[in-house]
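The values are calculated or read from the model by the stated rules, or taken from the named source; none is laboratory data. The structure presented is a predicted model; accordingly, all values stated were derived computationally and were not measured. Here Cβ is always computed from backbone atoms with ideal geometry, including for glycine, and neighbour counts include all displayed protein chains. Just so you know, the surface numbers come from the protein's heavy atoms only, side chains and all, with ligands and any DNA or RNA stripped out. Shrake-Rupley method; radii C 1.70, N 1.55, O 1.52, S 1.80 Å.
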Amino acid sequence: MTPHSVSPDGILDLTIIGGGPTGIFAAFQCGMNNISCRIIESMPQLGGQLSALYPEKHIYDVAGFPEVPAAGLVDSLWQQTGRYGPEVILSETVASYRKLENGDFEVMTASGRSFVSRALLLAAGLGAFSPRKLPQLGDISPLEDRSVFYAVKNVADFRDKNVVIVGGGDSALDWTVGLMGVARKVTLVHRMHEFQGHGKTAREVDEAKDSGAIDVHLSTEVSAIDRNGETLEAVHLKRRDGSTSRVEADRLLLLIGFKSNLGPLAEWGLELVDNAVLVDGHMKTSVDGLYAAGDIASYPGKLKIIQTGLSDAAMAVRHSLTYIKPGEKIRHTFSSVKMAKEKKSEGQNA
């Protein structure tokens, strides 16, 4: 399907910076509102952190999906969005922008490319991110993606292995449960005396521990590892009471969170709050015509979950129409009505 409202000089209505769930759904909302858009994503694939960090992790709190793998959610979002033919630019990092005299926006990428649109939407999640590591282990880069991992991208990497998981949040608990039927043995290590993850999963971990299916060490840290070249052999544990132990391990899975920063976006002169961009009730930033949605957007009461990001995207696109099409009366069209018209049109053109 040809994108809507492309001007003769190729200027689109909206440029969306970030191709995670929020950015993809924003592109769908553009289609629903009959405006053209492009997505610019720094990674080589759409999906943001869902694709890059934990494509096989299951998600349970997105409406309409009792349980869905992260990669599956991305696929579904794109299946919903792709019908409107948004332009997609991958492996390009937006470095700067400028607002033109006529009110349009030009964004420049790190590689020197530029793109112009009538409005701009930031959907860059938490910005640039990198996994938190254990400094006491020193330089373990030769082991990374071989014996030491910061995400589960392929469950097969852990099959029939002795796996030590470090962390006490949702990801650590999810994969403790998720790898029980895959790994030879799963050991969970957490430096605090109780878990911080979802209560239901925490109970599953406790039940697995009580049944002897897994080992759990609370108030404990990984103090060192034994390695043979690029092969992990064991991890050393140190408890808060000073006692120590050694656990044989083929795989070390560090799920202790990520460090994030806005990167070049921090230099754009936008009003920031806690490393996020402040927006008003219309998802507009301090610059007229520039909007933000998802984790990168900050407003009172913000809840940083996927569902909220999708709602932010719908709000941002809807309110951007007043900037993209000044003076036009914006009418709401129910999705069922719009889809029925599109299907009828497709049938007539078949």
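List of remarks:
- Tally of residues being touching a residue at least 60 places away in the same chain (Cβ under 8 Å), open to solvent by 60 Å² or more (accessible area, probe 1.4 Å) and touching a strand residue (DSSP E or B) at 6+ places or on another chain (Cβ under 6 Å) across the stretch 230-264: 4
- Taking each residue of the stretch 289-300 that is in the same structural domain as Gly103 (by the TED database) and in contact (Cβ under 8 Å) with a residue 40 or more places away in the chain and looking for partners that are in a strand (DSSP E or B) and open to solvent by 10 Å² or more (accessible area, probe 1.4 Å) with beta-carbon atoms closer than 6 Å, six or more apart or interchain, yields Tyr291/Lys284.
- Any hit, the stretch 265-285, residues being surrounded by fewer than 19 Cβ atoms within 10 Å (Cβ to Cβ) and among the hydroxyl-bearing types (Ser, Thr, Tyr): no
- Val317 vs. criteria in contact with a helix residue (DSSP H, G or I) (Cβ under 9 Å, 6 or more places away or on another chain), part of a helix (DSSP H, G or I) and touching a residue at least 60 places away in the same chain (Cβ under 8 Å): yes
- Val279 vs. criteria of a type in the set (Val, Ile, Thr) and touching a residue at least 40 places away in the same chain (Cβ under 8 Å): no
- Some residue of the stretch 250-262 being under 24 Å from Arg118 (Cα atoms) and of a type in the set (Asp, Glu): no
- One residue stands out among those in the stretch 34-45 that are in a loop (DSSP other than H, G, I, E, B) and open to solvent by less than 30 Å² (accessible area, probe 1.4 Å): the one that is nearest to Ser130 (Cα to Cα), which is Glu41.
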